[in-house]
1. Rank these for me by crowding, HIS202, HIS73, HIS159, going from fewest to most other beta carbons within 10 Å.
2. Which order do LEU238, LEU71 fall in if you start with the one that has the fewest other Cβ atoms within 10 Å?
3. Full-extension gain between LYS102 and GLU154, please, as 0.36 nm times their residue separation minus the C-alpha to C-alpha distance.
4. Lysine pairs in the stretch 113-253 with Cα distance under 22 Å, only those 8 or more apart or on different chains: how many are there?
5. Would you kindly derive the ³J(HN,Hα) couplings of the stretch 248-262 from the backbone phi angles with the Karplus curve 6.51 cos²θ - 1.76 cosθ + 1.60 (θ = phi - 60°), listing them in order in whole Hz, with x for Gly and Pro?
6. For CYS127, CYS177, what ranking results if the residue with the fewest other Cβ atoms within 10 Å of its Cβ goes first?
Amino acid sequence: MLPFHSVKQRLSPWTNHSRRSFSRILFTPINRSIHSTISPWQENVRDNLEHQHDPASITVNATELEKFNNLSHEWWSPNGSLGLLHRMNGFRIPYIKKQLLKTQKQSQDENAQIYPLRGFKILDIGCGGGILSEPLARLGATVIGADASSQGIEVAKLHAKKDPALFIGPGSLDYRCTTIEQLLKENEPKFDLVCAMEIIEHVDDSTKFIKACSGLVKPDGGQLILSTISRTPLSYLLTILIAENFLRIVPEKTHDYLKYIMPEELKDTIENDYNSFLHEDDDLQVTEISVKGNDPKKDALRVTDITGVWYNLATEEWVEFDEKNHFRLSVNYFMTAEKFKH
């Protein structure tokens, strides 16, 4: 990560651009489709995925998978290409704790303070090298870290072995090279929380991916938490033009602007089933829906929180946007959805 004074030096040439040139860079319609030749390695990945699953259900993108396999050696380099993800833990771990514990009474028990996530079963889908899975397990959660990248999973397993405390409880950690579709197909027991952090903008079909994630969230209060990037001119400027192409603090072509997803689009996708139940009766109030027996409404997700964040170059921290900030959902954001409770 560049020192702030170096960042300022690199930014200074931008001040010489005319206002018209800057506007042209920022607002020109973006069409960054990748038309590269598929490598033999990518063909093998695709063949393996299609052999294991119904091709129509696969959301793993072979190009994206190759990209992150190539970055596997960087997963545990806090100042390397994936350093922003390491620093994002400073925000996302407290955010996850807040969402999971918001309906529980705060315990004064010492163990509860040390292991606040004890008793929670969490799936970290797209876990990569495990930089989120490990701290969640240290907080007492039973964690399954899953990723389609075999190299990423190997890195995660090797790193976890360096800390025996991860395997003596009360938390636990299990890494698997698999996909969300395969976990669903295997009837994996449902989770209190499914985390899909910085992954939905890298899959082939976000709607199918969300549907699969929802299928692994337990009814009666289970949660899905995602983090991703809005598709706005500001996000293009900050995450691609500046972070990738100019400052190079993120590997070039990490992101595809066309795969960014607006908060309202993601909310609509998540709440598709939820809204279908509400539309059965226009007068139906959310608080009046009762869930009994095998009522399918138990499996409907509703969004309970959307929080925008930004990266402060001066402090090298991810910070929550002020609620009144007009741009608060214009770049990175977190979204929590919850299934109905009895």
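Since every read-out is calculated from the coordinates, none of them should be taken as a lab result. Predicted model only: the values in this text are computed from it and were never measured. Counting neighbours? That spans all protein chains shown, and the Cβs are built from the backbone with ideal geometry, glycine included.
1. So the residues, fewest neighbours to most, are HIS73, HIS159, HIS202.
2. Working: LEU238 18, LEU71 21.
Going from least to most buried by this count: LEU238, LEU71.
3. On the way: separation 52, 0.36 × 52 = 18.72 nm, distance 3.44 nm.
Length difference between fully extended and current span is 15.3 nm.
4. Count of close lysine pairs: 13.
5. 6, 8, 10, x, 4, 6, 4, 10, 10, 3, 5, 9, 5, 10, 6
6. Details: CYS127 28, CYS177 16.
Fewest-to-most ranking of CYS127, CYS177: CYS177, CYS127.
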